[in-house]
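Notes follow once the structure below has been shown.
The values are calculated or read from the model by the stated rules, or taken from the named source; none is laboratory data. Small disclaimer: the values here were computed from a predicted structure and weren't measured. Cβ coordinates were reconstructed from backbone atoms using ideal geometry, including for glycine residues, and neighbour counts include every protein chain displayed. Only protein heavy atoms, including side chains, enter the accessible area calculation; ligands, DNA and RNA are left aside. Shrake-Rupley method; radii C 1.70, N 1.55, O 1.52, S 1.80 Å.
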Amino acid sequence: MPRALITGVTGQDGAYLSQFLLGKGYEVFGLVRRSSHLGVADHRLRWLGVVEQVRLVDGNMIDLSSLIRIVERVQPDEIYNLAAQSFVATSWDQPVVTAEVTGVGVINLLEAMRAVAPRARFYQASSSEMFGKVQATPQTETTPFHPRSPYAVAKLFGHWATVNYRESFGLHASSGILFNHESPLRGVEFVTRKVTDGVARIKLGLEKELRLGNIDVKRDWGHARDYVQAMWLMLQQDEPGDYVIATGRTTTVRDMCQIAFAHAGLSMEDHVRIDPALYRPAEVDLLLGDAAKARTKLGWTPTTSLEALIREMVDADSERLGSRRADGSARRD
Ligand code: NDP
Ligand code: GDP
């Protein structure tokens, strides 16, 4: 039975990747950081019905000693580094934490692997945010980077650390440059989920309006379920490498919003208010990925359209909020 260690197992991708690897017969270990809210962190694993099968181990990306102990104990065949302070907007408010977890955390894990499991295969969750102020469109593995937030700067550090440890020590370390990917398990602070949650609230009469920032920006959005398969495929290759994972279609936040409101039979114009306070200090205006390398070398293609993704998210939020309202606990905590 192959063994996988997933950091960030309680996040969106960690949950989908756990489900995917368990389906392939893996023994899955997941790193969780200690919290006083026992049983809350694993809500996504519960939602997917896999919480009983994932073996949770305590550790933290900024504590090298914890990572060495865990990697030594688990002796994984594959390590998926998904842990991060992953929200761009927060990275301006907490740049040091972001640098430590999202950036230095990668080196910590690579060091742990180098010391006690050098034959394992390593996946780094890099991000299209590294392209930032894009130097070419569409973006490929060879497009120069220009990060626009502390988050993107930290991700760039993690990306180059992964490349460097591959080149310096011959580790099987790959970096997936993933464009935005969403699902009903996406954090509610990200714009797709904020919109689908907001639409469901308005439809149920719980809220009247939805406040958004810059809705003219464009993103290349796919489904997380498709994207975790690409992570696994990268680690099945004889040679490690870097891959752009994207749909090849870009859409404005405004048009994504229209899809969500229309699915609920509502008009976006009646409910969306623009709040300048939600504008970012520096913006990434356009992301559009070209995943030709992944298509050719990994045989990977996305299967979910933006329309299908957004409909699935609106339906899931409506169901979730509807059942909470039935037991009298509908308002967000
Ligand atoms: P989430 O924000 O949903 O999950 C982040 C995970 O990291 C959580 O499990 C969180 O744990 C964990 N984490 C945070 N800080 C620490 C720490 N100090 N030690 C240990 N674990 C920690 O992210 P996603 O699942 O959406 O994304 C997965 C990865 O892919 C991230 O690295 C993200 O930056 C990257 N990425 C995501 C994209 C996307 O569109 N989703 C696009 C490109 C890259 P806890 O539950 O305790 O908070
Ligand atoms: P990101 O691409 O990782 O930053 O993912 P997000 O989902 O957080 O943001 C995508 C884009 O939507 C960014 O360009 C944001 O500026 C824009 N956006 C507009 N309004 C909002 C909002 O209210 N919340 C968030 N999170 N993003 C917004």
Where in the stretch 1-88 are the helices (runs of 4 or more DSSP H), entirely inside, with at least 3 residues that are under 30 Å from Leu278 (Cβ atoms) and more than 16 Å from ligand 2 (Cβ to nearest atom)?
12-23, 43-47
Across the stretch 241-258, what is the total count of residues that are buried (at least 22 other Cβ atoms within 10 Å of the Cβ), in contact with a helix residue (DSSP H, G or I) (Cβ under 6 Å, 6 or more places away or on another chain) and not aromatic (Phe, Trp, Tyr)?
2
Would you pick out the residues in the stretch 166-194 that are near ligand 1 (Cβ under 8 Å from one of its atoms) and either surrounded by fewer than 22 Cβ atoms within 10 Å (Cβ to Cβ) or assigned to a loop (DSSP other than H, G, I, E, B) (or both)?
Phe179, Asn180, Leu185, Arg186, Gly187, Phe190
By residue number, the members of the stretch 253-266 that are small (Gly, Ala, Ser), part of a helix (DSSP H, G or I) and touching a residue at least 60 places away in the same chain (Cβ under 8 Å) are Ala260
Going by the conditions given, is Gly289 small (Gly, Ala, Ser), open to solvent by 30 Å² or more (accessible area, probe 1.4 Å), at pLDDT 95 or above and within 16 Å of ligand 1 (Cβ to nearest atom)?
no
Condition first: out of contact with any helix residue (DSSP H, G or I) (no Cβ under 6 Å at 6 or more places or on another chain), farther than 30 Å from Lys24 by Cβ and in contact (Cβ under 8 Å) with a residue 12 or more places away in the chain. Can you find one or more residues in the stretch 218-239 that meet it?
yes
Among the residues that make up the stretch 297-307, is at least one of them open to solvent by less than 30 Å² (accessible area, probe 1.4 Å), away from ligand 2 (no atom under 15 Å from the Cβ) and in a helix (DSSP H, G or I)?
yes
Find the residue count for the stretch 60-79, including only residues that are within 15 Å of ligand 1 (Cβ to nearest atom), open to solvent by 10 Å² or more (accessible area, probe 1.4 Å) and out of contact with any Asp or Glu (no Cβ under 9 Å at 6 or more places or on another chain).
4
For Glu129, state whether it is surrounded by fewer than 20 Cβ atoms within 10 Å (Cβ to Cβ) and not basic (Lys, Arg).
no
Is there a residue being touching a residue at least 12 places away in the same chain (Cβ under 8 Å), in contact with a Ser or Thr (Cβ under 8 Å, 6 or more places away or on another chain) and of a type in the set (A, V, I, L, M, F, W, C) anywhere in the stretch 267-283?
yes
Considering (1) part of a helix (DSSP H, G or I); (2) under 18 Å from the mean Cα position of the chain (by Cα); (3) assigned by TED's automatic domain parsing to the domain that holds Gln19, say which one Arg114 fails and leave the rest.
(2)
Criterion first (closer than 30 Å to Leu109 by Cα and more than 15 Å from ligand 2 (Cβ to nearest atom)) does Glu239 satisfy it?
yes
Which one is nearest to the chain's Cα centre (by Cα) among residues in the stretch 166-192 that are acidic (Asp, Glu) and within 14 Å of ligand 2 (Cβ to nearest atom)?
Glu182
Of Leu48, Leu22, Leu31, which residue is near ligand 1 (Cβ under 9 Å from one of its atoms) and at pLDDT 95 or above?
Leu31
Among residues belonging to the stretch 139-165 that are open to solvent by less than 20 Å² (accessible area, probe 1.4 Å), under 19 Å from Ala294 (Cα atoms) and over 16 Å from the mean Cα position of the chain (by Cα), point out the one that is nearest to ligand 2 (Cβ to nearest atom).
Gln139
